[in-house]
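One structure is given here, and the rest of the page talks about it.
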Amino acid sequence: MSTLAPQNDSWNELDPAATVACPELPDFQSLILKGPYHASAPVHLLLSHTAQHPDAKAILLTPSRRQFKTTLGGLNDEWLSQKSGHGRVCAGAQRTEVFYPPTLAHLRLLLSMLHEYHGAVHDAKTTLDIAPSMLILHEVSSYFNAPSSEATVSAYLSVISSALALTNSWSPQCLQASKLVVFDSGLADLKLPILKPLAFGDSAEEPQRNRGTLAILLERYFEWTAEVQIGECLQKSPGIISA
């Protein structure tokens, strides 16, 4: 099963004695994870997924290469430091790919252009050799932190809808249905208006920004919702995961 930290079952021949207290995730098709998850959680999810499915490909979209590398380096994940050079881990990593769309416009464009190779290469960077069986969107809320008329609840939901449509289009080509995972530590604090503010001439109506509206609406898009809470054990119930 997929995990957010290394597990014996996935890498038993590497270090049978090493045990990490991280429960396996339930079987899911769509999952959103919010709260202060550890920085290497998306990486472990990618690697555990490709370890479980030897022919699978997985993709991660994150806004900033520098920020992603900085947070990983700051965590200094001991398991990744020790095991990343092992052949089996490297083999799984070779079937993962990371893209860095820096703005909301770039993210939307990338989601519209990613496709599996079918005899013609439309763009070398967005043409994939096989259909991925997992797509991870990382820190989507960072695209909406800067004041902008595009920073709305509807714009966030539009990104999620596009990602779901993309994974659904990949599913017929995969041995198993393609999964969508969203990691967003800033979701709980994100305050967005539902729609763009109305403009009349040179004046524009000040939008009402609400915290929590987006999180409630997102639950309708995902099969499972996860919230990381420091210092508590993982408890699972249908539709909700608390960590």
Task: the range 1-45, residues that are crowded, with 16+ Cβ neighbours inside 10 Å, among the small types (G, A, S) and at pLDDT below 75 - done: S10
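Do you know which of the residues in the range 116-147 that are among the small types (G, A, S) and touching a residue at least 40 places away in the same chain (Cβ under 8 Å) is nearest to K34 (Cα to Cα)? Steps first, please.
Filtering the range 116-147 down to residues among the small types (G, A, S) leaves 119-120, 124, 131, 133, 141-142, 146.
Now narrow it down to the ones that are touching a residue at least 40 places away in the same chain (Cβ under 8 Å): 131, 133, 141-142.
Details: A131: 27, S133: 22, S141: 10, S142: 13 Å.
Looking at residues that are among the small types (G, A, S) and touching a residue at least 40 places away in the same chain (Cβ under 8 Å), I get S141.
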Task: Residue check for K179: basic (K, R) and surrounded by 17 or more Cβ atoms within 10 Å (Cβ to Cβ) - done: yes
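The values are calculated or read from the model by the stated rules, or taken from the named source; none is laboratory data. Keep in mind it's a predicted model, so treat the numbers as computed, not measured. Neighbour counts run over all protein chains shown; Cβ positions are idealised from the backbone, glycine included.
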